Amino acid sequence: MIFVEDLALTYEQQNNNIYDNGVKALANVNLKARRGERVSIIGPSGCGKSSLLFILAGLIRPSSGNVLIDSCEPDSRRTDTALILQDYGLFPWKTVVENASLGLEIRGLGKREQSDIVIPILEKLGLSEFSTAYPAQLSGGQRQRVAIARSLAFKPSLLLMDEPLSSLDALTRETLQQFILEIWREHNLTLVLVTHSIEEAVFLGSTIAVMSERPGTIIETIVNPLAGTPGYRQRPEFHKVCSRLRSLLGVGN
Amino acid sequence: MSRKNPLLKKSVDVFIATTVIMAFWYFLAIYVKNNMLPTPWAAMREFMSIFRSTILQHFYISGLRVVVSLLASTVIAVPLGLFLGREDKYDRYVSPVIYLLYPIPKIVFLPIVFLLFGLGNFPKIFMIGLIVFFQILVTTRDASKGVPVQNIYSMLSLGASRFQIYRHAVWPACLPKILTSLRISLGTAIAVLFFVESFATSEGLGYFIMDSWSTASYSQMFAGIMGMSFLGLILYIVLDIIESRWCKWQYL
Ligand SMILES: Nc1ncnc2c1ncn2[C@@H]1O[C@H](COP(=O)(O)OP(=O)(O)O)[C@@H](O)[C@H]1O
Ligand SMILES: [Mg+2]
């Protein structure tokens, strides 16, 4: 499903400063994921996690290396890859329904067809009573659910999430983690989730890719088969993987 | 509360503002004690008595000039500004041109504009439009430049075309700032209107005010000034209504 080989990304220099050779964001990244897998990517801030997702989504092109999604080069116009951005996903000038239907609107579906698809999804996500509200009138957790609704509307097979829960409080966070698992199961998704929370990476990722400081590379891929199982957070395996991550990331002792 | 009847609230606000200005004017008039500054009552009486016979017609022509010039420059400046804000490779070449032209006191071209386009409505509209054009253009361009790249990414990842990005992500994000620039431009437009109407015309509130001044009909002159203030007020209210309709999300 996802195949990344020797990927490197350098942002071109911004100003004509001769000392500025651009920002090396990613170097030598290798990553594989099978269909239906859940990959969490964790790494220090600024290590290129978002850049990697943008490459997978086909929004920016790598400087070198190979990236294949279902044996094709990533292309932002593909309908089977959905991307959820941390803060900017929703448009404050659109209501919940309008935001959730945006992808369908862009595809040129009529209003009727849009609501036929979106209304059941909103209902499912517990948002139907807010359908005419604006994002500013929602809680952080509800907003993230709207973003998820929008991605689900065109039935993607690959869902990319960039720190989707990082602005939420701990309780909402755990609820939504559970919720993401349900979505993943029901929609047969392949999930790539960027996070900077160790617990989140371990709870959700059946594979955990750990990245180094910039230029980011994947220093370790941890297989985490128990991820997402009920009560995993309380099990010794969970804590073992967490402390493994801590030492890889050089935090704590 | 304001949600219940915004129109009523607005009327009350305008009424209070009018009262304050009138009071100030009244005391100033008493203090000055000169027929050059009539009391508000005298001016108002004059306004009422000549409203249908003369003011209305000047009001109409002035309103037409301001509205047409604002609309025309908006229609050109807004799309251009949205575009230049997003497309750096064009902005690089156009920006210096704008910065060179923007500070020029364009009003000095009035004689040339009259020469080129005659003495009708068009040169006046052109002059006002030319001046406000730059205000709207620069504000719109900067607003468009400020749209976060994440918004664009989020549109692109939904498969949006360039036009759809402008329509769904750039235009709505810039609209509040565009309306602000229109409010500022409206003030400028009316000031320029007054100036261009004081030459070679016998229509418009600017002409009416200057004409009354030259014949020392001061209460008539103030009636004209009230007409101009009224014109601005109506147009500001129109902009407020547009904003409350189109930018609902800003006031939640
Ligand atoms: N458009 C850009 N131009 C130049 N440098 C950028 C750009 N976007 C990100 N960077 C730089 O690339 C590095 C990786 O950024 P990012 O992928 O956002 O990291 P992360 O998501 O892991 O915090 C950072 O050092 C950042 O400053
Ligand atoms: Mg990031």
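The values are calculated or read from the model by the stated rules, or taken from the named source; none is laboratory data. Because the structure is a prediction, the values reported are computed rather than measured. Every residue, glycine as well, gets a Cβ built from its backbone with ideal geometry; the counts of neighbours run over all protein chains shown. Heavy atoms of the whole protein, side chains included, go into the accessibility calculation; ligands, DNA and RNA do not. Shrake-Rupley method; radii C 1.70, N 1.55, O 1.52, S 1.80 Å.
In the range A:6-24, is there at least one residue being under 24 Å from A:Leu165 (Cα atoms), within 14 Å of another protein chain (Cβ to nearest Cβ), within 16 Å of ligand 2 (Cβ to nearest atom) and not polar (S, T, N, Q)? Scanning the range A:6-24, I find no residue that is under 24 Å from A:Leu165 (Cα atoms), within 14 Å of another protein chain (Cβ to nearest Cβ), within 16 Å of ligand 2 (Cβ to nearest atom) and not polar (S, T, N, Q), so the answer is no.
The requirement of being in a loop (DSSP other than H, G, I, E, B) and without any contact (Cβ under 8 Å) to a residue 24 or more places away in the chain is fulfilled somewhere in the range A:208-224, by at least one residue.
Within the range A:50-96, the set of residues being out of contact with any Leu (no Cβ under 9 Å at 6 or more places or on another chain), without any contact (Cβ under 8 Å) to a residue 40 or more places away in the chain and within 16 Å of ligand 2 (Cβ to nearest atom) comprises just one member, A:Tyr88. The condition of being open to solvent by 10 Å² or more (accessible area, probe 1.4 Å), of a type outside the set (Gly, Ala, Ser) and within 14 Å of chain A (Cβ to nearest Cβ) does not hold for B:Leu101.
Selection of the range B:16-54 for residues being touching a residue at least 60 places away in the same chain (Cβ under 8 Å), open to solvent by 90 Å² or more (accessible area, probe 1.4 Å) and assigned to a helix (DSSP H, G or I) yields only B:Arg45. A:Glu105 meets all of the listed conditions (1) at the interface with chain B (Cβ under 10 Å from one of its Cβ atoms); (2) within 23 Å of the chain's Cα centre (by Cα); (3) free of Cβ contacts under 8 Å to residues at least 40 places away in the same chain; (4) surrounded by fewer than 19 Cβ atoms within 10 Å (Cβ to Cβ) but one, namely (4).
Using the structure shown, decide if A:Glu199 is in contact (Cβ under 8 Å) with a residue 40 or more places away in the chain and part of a helix (DSSP H, G or I). Taking the combined requirement at face value, the residue satisfies it. Residues that are in a helix (DSSP H, G or I) and either within 7 Å of another protein chain (Cβ to nearest Cβ) or more than 24 Å from A:Asp80 (Cβ to Cβ) (or both) within the range B:150-160 comprise B:Gln150, B:Asn151, B:Tyr153, B:Ser154, B:Leu156, B:Ser157, listed in sequence order. Among residues that are open to solvent by 50 Å² or more (accessible area, probe 1.4 Å), under 30 Å from B:Glu203 (Cα atoms) and modelled with pLDDT under 95, B:Leu110 is not included.
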